[in-house]
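One structure below.
The values are calculated or read from the model by the stated rules, or taken from the named source; none is laboratory data. Keep in mind that this is a model prediction, so the values were computed, not measured. FYI the Cβ positions are ideal-geometry reconstructions off the backbone, even for glycines, and counts take in every protein chain you see. Quick note on the areas: whole protein, heavy atoms, side chains included, nothing else; ligands and nucleic acids left out. Shrake-Rupley method; radii C 1.70, N 1.55, O 1.52, S 1.80 Å.
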Amino acid sequence: MASANLRPGAGAAAAAPMPGADEPALHTTNRPLLTLGVMAATIMQILDSTIANVALPHMQASLGGTADTITWVLTSYIVASAVAIPITGWLADRIGSRNLFLISVVGFVSASMLCGLATSLPEMVGFRVLQGIAAAFMNPLSQTVMMDINKPSRQAGAMAVWGMGIMVGPVLGPVLGGYLTDNYDWRWVFYVNVPVGIACFAILWTLLPSRPIAHRSFDTFGFSLLAIAIASLQVMCDRGQSNDWFQSWEVTIEGLIALGAALMFGIHMATARAPMFDRELLRNRNLVTGLGFMVVVGVLMMATMALLPPMLQTLFGYPVLDTGILLMPRGIGIVISMYVAGQMVQRGHDTRLLIGTGLIIATWSLYDMTQWTLVMNTTPFIATGFIQGIGLGLIFIPLNITAFATLAPRYRTEAASLMNLCRNIGASIGISMVTALLSHNIQASHQELGAHITAYSYNPADPTMASVLGRSGETVFAMLNAEVNRQSAMIAYLDDFKLMMLLTAFAIPLVLLLRRPARPGAGAPQPHVAMD
């Protein structure tokens, strides 16, 4: 076996434990501090997926972009990250997981600094591509490290800690981004990563162990097909709304390319001698079912976060900071339920029951959101957000534990990259889906509501009255139109919540496909990767 490329003093791995022993796959000299460093990298990367959203108008003015082109600041990051995620496992085997993690942190921090220094939109987009590529490797590697350095009986708690960063990051991103933009400058949205990244690198350099280096061939053809499929899908999702979806040749071609490349990749995976992913991964029922669930989690988590901030700001008139505060109970619910779920899994509770309960709670919270009105106070936003966070936390941790329970440790990095890829794809599809439906239903509802406002149903709508009132009549019509717009938008948001409720409800039966994993540390054989 090739060297793991550990420097002296780094957290070296101990000899392999006996099969069935409740021992971690990798050992380190200071597990709590290493956990802090890994979580710093995770939260830093997750925050950057949403922290820049609120700063876009300021970037547009500073970088000379337009309303259409400035969105590439977000799209370039998402596409680059999605395309790079699938090669995480191969790179980790090729250069060592420790080296790849350190390179990713350095690349992410450097790209963040360059984004803050950008003077034009092309520069910003290029630097965001570099940042997205570096970020792509950090999530799968952090998840793998958290599982490797904790013994099986503690992996549920480790996944709870890791999941808190994954789930809470998107909630805190807009709040932190709004605060930095309002009180300092939009460039601090990127500069804030530098001190965190330096501290993270120091911890990882000192304590991070590595998996063994394995020189295996790279499936160039398979990766090319998958990269084309992912990039085309991401661009289609981003450009579809502004180009009227499949009424546009551009979006149609992007969709056909994504579909064709995905089909060819599937055939290649089934027939190639050395495919990009080990076919053993796709024979694992828990992992494949977990990938499907992760798409649902991506839709539920990111689509909701795409809908709520503009709704709270435009329809209810809350400022950016207040909007962030109203969304925070969702994050609090996630943290609480993840801790509880981790404890319950460690005590041997059936993970399938926890996942099913979480899906039911999430479905109920979305049903409650379909009952919202324009005359509410803040209580429904806080209560429903908290309940939805409880449901998401109960899904996420048991799902990750179940998906990885029957996999050998050597497959963890590839499996983690697939899980993160599916979550990203679910988020992209979900955001595009709810945005398109929102726009369509606003127009349809406006037409339907407007048809009921006539001279017979509402006197000020009588043209004769408007001419008598003069300028006041024009004001009346403007007020009527504004109120119809508000009501139409609210109806459209409720329709989106109903669609997400149905999608979550339809995912509940998938729980029956999962196999209950053996209780961690109960003496079941635990596969292990020995280090040199």
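Only one of F386, F404 is among the hydrophobic types (A, V, I, L, M, F, W, C), assigned to a helix (DSSP H, G or I) and in contact (Cβ under 8 Å) with a residue 60 or more places away in the chain. Can you tell me which?
Numbers: F386 fails: in contact (Cβ under 8 Å) with a residue 60 or more places away in the chain.
So the residue among F386, F404 that is among the hydrophobic types (A, V, I, L, M, F, W, C), assigned to a helix (DSSP H, G or I) and in contact (Cβ under 8 Å) with a residue 60 or more places away in the chain is F404.
Would you point out which residue out of A405, A383 is modelled with pLDDT of 85 or more, out of contact with any helix residue (DSSP H, G or I) (no Cβ under 6 Å at 6 or more places or on another chain) and among the small types (G, A, S)?
So the residue among A405, A383 that is modelled with pLDDT of 85 or more, out of contact with any helix residue (DSSP H, G or I) (no Cβ under 6 Å at 6 or more places or on another chain) and among the small types (G, A, S) is A383.
Taking interchain pairs and intrachain pairs at least six residues apart, which have beta carbon atoms under 9 angstrom, with the first residue in the stretch 279-300 and part of a helix (DSSP H, G or I) and the second among the β-branched types (V, I, T) and surrounded by fewer than 20 Cβ atoms within 10 Å (Cβ to Cβ)?
L281/V288; L282/V288; R285/T406; N286/T406; L287/T406; V295/I429; G298/I429; V299/I429
Quick check: is even one residue across the stretch 313-327 within 20 Å of the chain's Cα centre (by Cα) and charged (D, E, K, R)?
no
Suppose the filter is within 20 Å of L359 (Cα to Cα) and at pLDDT 80 or above; does G290 pass it? Talk me through it step by step, then tell me what you get.
Numbers: within 20 Å of L359 (Cα to Cα): yes; at pLDDT 80 or above: yes.
Criteria met by G290.
Looking only at the stretch 93-147, count every residue that is among the small types (G, A, S), surrounded by 20 or more Cβ atoms within 10 Å (Cβ to Cβ) and under 20 Å from A202 (Cα atoms) and tell me the total. Reasoning before the result, please.
Let us first name the residues in the stretch 93-147 that are among the small types (G, A, S), namely 96-97, 104, 107, 110-112, 116, 118, 120, 126, 132, 134-136, 142.
Those still in the list that are surrounded by 20 or more Cβ atoms within 10 Å (Cβ to Cβ) too: 96-97, 104, 111-112, 118, 132, 134-136, 142.
Next, only the ones that are under 20 Å from A202 (Cα atoms) stay: 96-97, 104, 111-112, 134-135, 142.
The total comes to 8.
With the requirement that a residue be among the hydroxyl-bearing types (S, T, Y) and out of contact with any Phe, Trp or Tyr (no Cβ under 6 Å at 6 or more places or on another chain), what does the stretch 223-254 give you?
Result: S224, S232, S242, S248.
Kindly check whether there is at least one residue in the stretch 233-245 that is in contact with a helix residue (DSSP H, G or I) (Cβ under 8 Å, 6 or more places away or on another chain), of a type in the set (G, A, S) and not in a helix (DSSP H, G or I).
No, because not a single residue in the stretch 233-245 is in contact with a helix residue (DSSP H, G or I) (Cβ under 8 Å, 6 or more places away or on another chain), of a type in the set (G, A, S) and not in a helix (DSSP H, G or I).
Of the residues A261, A303, which single one is without any contact (Cβ under 8 Å) to a residue 40 or more places away in the chain and open to solvent by less than 30 Å² (accessible area, probe 1.4 Å)?
Just a single option satisfies the conditions, and that option is A261.
Any residue in the stretch 335-355 that's within 16 Å of P152 (Cβ to Cβ) and open to solvent by less than 10 Å² (accessible area, probe 1.4 Å): show its pairings with residues that are assigned to a helix (DSSP H, G or I) and among the polar types (S, T, N, Q) at Cβ separation under 7 Å, as long as the two are six or more apart or on different chains.
V345/T351; T351/T402
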